[in-house]
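**Q** First the structure, which I've put down as structure tokens, then a few questions once you've had a look.
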Amino acid sequence: MSLGSLAAAPILTDHRVRPLEAAPWLIAIAVYFVLPAQLGLATQILIMILFALSLDLIVGYAGIISLGHAAFFGAGAYTVGLLSKYGWTEPLTGLLAAAAIAGLIGFGSGWVLLRTRGLTLLMLTIAVAIMLHELANDLDTITGGFDGLPIETDPILGLFRFSALSYDNQYFYALAVLFLVFVLVRSTVYSPFGRSLVGIKESTTRMHAIGSPVHLRLVQVYSMSAAIAGVAGGLFAQANAYLTTQVLSFGLSGDVLIMVILGGAGQLYGAFLGATAFLLLERQTELVLGTEFPYWQLAVGTALVLTVLSGQNGLLGLAITLYRRLRGRTS
Amino acid sequence: MDLVLNAMVSIAFDGLSFAILLFVISVGLSVTMGLMGFVNLAHGAFAMVGGYVTVALMTHAGMPFLAAVALAALGVAALSVVFERLLYARFYGEDELKQVLLTIGLVFMAVAGVTFVWGPNPQIIQTPDYLTGQIDFGFRKFPTYRVFLIVVGGAIAAALFFGFDRTRIGAQIRAAVDNRQMAESVGINVGRLFTMTFALGSGLAAAGGALGSEILGIQPTFALDYLVFFLIVVAVGGLGSVRGAFVAALLLGVINNAGNYLYPEASGFFIYVVVIAVLLWRPAGLYGKA
């Protein structure tokens with residue numbers, strides 16, 4: 001997605017907090033009171049927002065296209081899953097461990113892969129993810145493979161118990177984690193580090209020329225993104241108390257990239273819109289039209305093609321364009 | 001000893017027929033990617049549609065197998081030109097992300113489309129009698145159909161090698177892959193050249209999808225299931241190289257079958273280790289230009 005002129009998009013350069021930025025969080029809190037029956041779905045949405053946010057960091061800011069981001073989501077999920085299997089069920093340290101393991105895998109693979117560009121890089125991200133997926137299937141005596149791995153989690157801080165029947169605690173837990181990580185991501189993208197990533201995306205050659213350590217910057221953001229994806233995966237494992245090798249699948253890697261693009265890449269809030277729209281529409285399509293025919297796939301495919309053809313930067317980009325037009329007319 | 005030898009012959013033979021199929025399907029993708037740098041993830045969808053059209057022509061129009069395959073390949077080639085002109089051409093030289101998303105969107109639409117028309121179950125192509133059974137080569141018997149695949153695929157590969165290396169059009173394609181601007185400045189119409197190779201590549205993919213139904217199957221998930229394999233052939237072989245695609249397909253086919261045979265529980269893992277190793281050693285692929 002071309003960002004156009006940076007000056008024309010204040011959301012990319014102006015770091016001050018706008019009042020509108022409170023909206024997603026207020027909506028999230030409102031959902032708890034208005035739609036208590038839907039908290040299960042809402043929790044999944046929060047987790048996918050976190051996952052999409054991690055991918056947006058490398059796709060939207062650093063310009064690294066990955067079709068294998070499920071590798072890190074899965075790595076985090078299995079970190080929590082295996083810790084629980086061998087007796088460590090404390091949730092917060094579980095998430096930290098998930099971040100550490102996924103971040104390490106991101107660092108190790110990124111160090112090697114990020115020397116390449118274009119199709120080769122895309123292929124390598126796919127290959128790493130599929131390799132981990134195959135590995136998890138092969139080691140099914142440890143990972144549970146297709147049959148899955150049940151996960152136990154202690155009450156958070158010893159106070160809030162996870163329940164399979166109501167998602168109340170899971171929901172606020174996921175929301176709190178999302179908020180903390182979001183604050184971290186937001187300050188990162190407006191930092192000089194974040195600016196240098198956008199610089200690399202816009203012109204790698206020029207960043208080399210001004211002496212920016214391009215490879216190091218890419219590896220750093222890739223590891224950070226992997227660690228966040230790991231947290232998302234860990235949350236997923238804890239909230240659902242159950243895990244299969246699906247968390248490493250190529251399909252998930254594709255879905256999360258689609259969420260980022262549908263929402264609008266490189267604009268922080270694109271991940272929120274994209275993941276929410278994706279999961280809500282998926283659920284609605286399946287409820288209304290059934291799962292017998294792939295209406296959902298048809299809808300996603302059409303939406304993607306239209307997004308790319310429209311030249312808009314996802315739903316958020318579209319909203320901003322419409323808003324500008326509206327304001328332009330009235331003033 | 002005989003057993004080991006027998007196993008090795010089986011692996012080599014099955015691997016070869018699988019590899020030839022991969023080559024026929026993927027080679028067009030390699031050349032078009034090399035020419036325009038366009039990441040076309042929907043290439044496998046053309047192969048899939050080729051399979052479905054062949055089934056339809058055989059069951060509804062009662063056409064014989066080979067004629068149906070040929071007609072399906074021509075039809076898909078024509079269809080691909082429509083897509084190329086209407087959609088793809090807008091995104092030449094644009095960033096890869098747009099190309100990836102556009103073509104993934106098309107894959108989803110194709111997967112959904114064939115499910116609506118043909119249903120979610122795999123389709124079966126009735127192979128004609130003369131291609132069933134086994135051929136006795138004296139020292140061993142081989143399934144006739146796989147022998148047929150190797151012969152036809154080998155002929156296609158030979159024709160492509162010849163066309164690429166020895167004909168005027170082949171020279172133009174090679175020139176355009178090497179240096180597009182230079183090729184244009186000596187009067188080669190690269191846009192038209194590209195449309196032609198795109199049609200040829202899609203037609204070959206369709207033929208491969210139809211011919212390979214016994215090995216790859218014809219089902220709606222085809223376009224996604226084998227997408228990664230086709231991409232591996234392209235990336236490992238090197239963009240725009242017919243020879244590279246051939247070597248990569250051979251490598252992938254034989255390793256895949258050897259893995260399935262020797263370590264069935266970890267064969268997938270195997271392939272990706274090799275892919276990563278090759279791409280790290282030669283990021284532009286075996287025969288690619290760095």
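**Q** Label-point separation (nm) for residue B:159 and residue B:5, each offset 7 Å from Cα along Cα-to-Cβ?
**A** Using points 7 Å along Cα→Cβ, the separation is 3.7 nm.
**Q** Show me, bin by bin at 5 Å from 0, the whole-percent P(r) of the range A:192-331 based on Cα pairs.
**A** 2, 8, 12, 15, 17, 16, 13, 8, 5, 2, 1, 0
**Q** Taking amide H positions as placed in the peptide plane 1.01 Å from N, state which residues far from residue B:135 in sequence (5 or more) or on other chains have amide H under 5 Å from it.
**A** Close amide H contacts, sequence-distant or interchain: B:142, B:144.
**Q** Something else now. Translational diffusion coefficient of the range B:137-224 at 37 °C, 0.692 mPa s, Stokes-Einstein with Kirkwood Rh over Cα pairs, in µm²/s as a whole number.
**A** Once the numbers are plugged in, D ends up at 210 µm²/s.
**Q** Now for a different question. Sequence neighbours fewer than 8 away in the same chain don't count; with that in mind, list the aspartates and glutamates whose C-alpha is under 14 Å from residue A:85.
**A** A:140, A:152, A:154
**Q** When the convex hull of the Cα atoms of the range B:145-290 is projected onto a plane and the area is averaged over all directions, what value comes out in nm²?
**A** Computing the convex hull of the Cα atoms and averaging its projections yields 9.8 nm².
**Q** Follow-up. Starting from the exponent 0.38 and prefactor 2.2 Å, build the expected Rg for the range B:1-131 from its residue count and divide its actual Cα Rg by it.
**A** That ratio works out to 1.29.
**Q** Starting from 0 in steps of 10 Å, tell me what percent of the Cα-Cα pairs of chain B lands in each bin.
**A** 7, 28, 36, 22, 7, 1, 0
**Q** Here is a follow-up. Hey, any idea what the orientation-averaged projected area of the convex hull of the range A:52-126's Cα atoms comes to, in nm²?
**A** Value for the range A:52-126: 5.1 nm².
**Q** Right, next: Of all chymotrypsin sites (Phe, Trp or Tyr not before Pro) in the range A:38-122, which ones are in loop regions per DSSP and have a Cβ with at most 12 other Cβ atoms within 10 Å?
**A** Loop-located and lightly packed - A:86.
**Q** Any idea how far the Cα center of the range A:235-267 sits from the one of the range B:107-171, in Å?
**A** For the range A:235-267 versus the range B:107-171, the Cα centre distance is 36 Å.
**Q** Right, here's the next one. Do any GluC sites (Glu not before Pro) in the range A:237-331 lie in a loop, going by DSSP, with at most 13 other beta-carbon atoms within 10 Å of their beta carbon, and if so which?
**A** Qualifying residues, ordered by number: A:292.
**Q** State the Kirkwood hydrodynamic radius of the range A:81-186 in Å, one decimal place, computed from all pairs of distinct Cα atoms.
**A** 16.5 Å
**Q** Also: Mind running the shape call on the range A:6-99? Use the C-alpha gyration tensor, a ≥ b ≥ c as the square roots of the eigenvalues: rounded below 1.5 for a/c, prolate if a/b tops b/c, oblate otherwise.
**A** Oblate shape, in that a/c is at least 1.5 and b/c is the bigger or equal ratio.
**Q** Another question, if that's okay. Normalised radius of gyration for the protein assembly as shown, please: alpha carbon Rg relative to 2.2 N^0.38 Å, two decimal places.
**A** That ratio works out to 1.00.
**Q** Then there's this: Which one of B:37, B:106, B:137 is farthest out on the positive end of the charge dipole of chain B, using unit charges on Cβ (Lys, Arg +1; Asp, Glu -1) and the Cα centre as origin?
**A** B:37
**Q** Two-decimal Rg/Rh of the range A:172-215 from alpha-carbon positions, Kirkwood Rh?
**A** Using only Cα positions, Rg/Rh for the range A:172-215 is 1.22.
**Q** Next question. Between residue A:90 and residues 5 or more places away or on another chain, which pairs have amide H atoms under 5 Å apart, with H built 1.01 Å from N, and which residues are they?
**A** Correct list: A:154.
**Q** Over the range A:18-249, what portion of Cα pair distances is larger than 23 Å, expressed as a whole percent?
**A** Value for the range A:18-249: 49 percent of Cα pairs lie more than 23 Å apart.
**Q** In addition: What translational diffusion coefficient, to the nearest whole µm²/s, does the range B:58-175 have by Stokes-Einstein, given a Kirkwood radius computed over alpha-carbon pairs, a temperature of 20 °C and 1.002 mPa s viscosity?
**A** Estimated diffusion coefficient is 116 µm²/s.
**Q** Here's something else I'd like to know. What are the lysines whose alpha-carbon lies under 25 Å from the alpha-carbon of residue A:201, with same-chain residues fewer than 8 places away excluded?
**A** Answer for residue A:201, where 25 Å is the Cα cut-off: B:98, B:289, listed by chain and number.
**Q** Find the centroid of the Cα atoms in the range A:203-228 and in the range B:1-75, then give the distance between the two in whole Å.
**A** 40 Å
**Q** Rounded to two decimals, what is the ratio between the C-alpha radius of gyration of the range B:28-102 and 2.2 N^0.38 Å?
**A** The range B:28-102 yields a ratio of 1.28.
**Q** Enumerate the calculated ³J(HN,Hα) couplings along the range A:120-132 in order (Karplus 6.51 cos²θ - 1.76 cosθ + 1.60, θ = phi - 60°), each rounded to whole Hz, writing x wherever the residue is Gly or Pro.
**A** 4, 5, 4, 4, 5, 5, 4, 4, 4, 5, 5, 4, 5
**Q** Using the Cα centre as the reference, give the magnitude of the dipole from point charges on the C-beta atoms of the protein assembly as shown (Lys, Arg: +1; Asp, Glu: -1; all else neutral), rounded to the nearest 20 debye.
**A** 2100 debye
**Q** Now a separate question. Could you rank the peptides B:207-214, A:136-143 by their average count of other C-beta atoms within 10 Å per residue, with the highest value first?
**A** Top to bottom by mean Cβ count within 10 Å: B:207-214, A:136-143.
**Q** Contour minus end-to-end for residue A:310 and residue A:166, with contour as 0.36 nm per residue of separation and end-to-end as the Cα-Cα distance? Don't skip to the end; give the middle numbers.
**A** On the way: separation 144, 0.36 × 144 = 51.84 nm, distance 4.11 nm.
Between residue A:310 and residue A:166, full extension yields an extra 47.7 nm.
**Q** Between the range B:258-284 and the range A:129-182, what's the alpha-carbon centroid distance in Å?
**A** Spelled out, the Cα-based centre of one part sits 30 Å from the other.
**Q** Using only DSSP helix segments of four residues or longer, with each worth -39500 (n - 2.57), what per-residue ellipticity at 222 nm results for chain A after dividing by its residue count and rounding to 500?
**A** Value at 222 nm, helices only: -23000 deg cm²/dmol.
Values in this text are rule-based calculations from the coordinates and carry no lab data. Note that the coordinates shown come from a computational prediction; the quantities given were computed from them, not determined experimentally. Note that each Cβ is placed from the backbone with ideal geometry, even for glycine, and that neighbours are counted across all protein chains shown.
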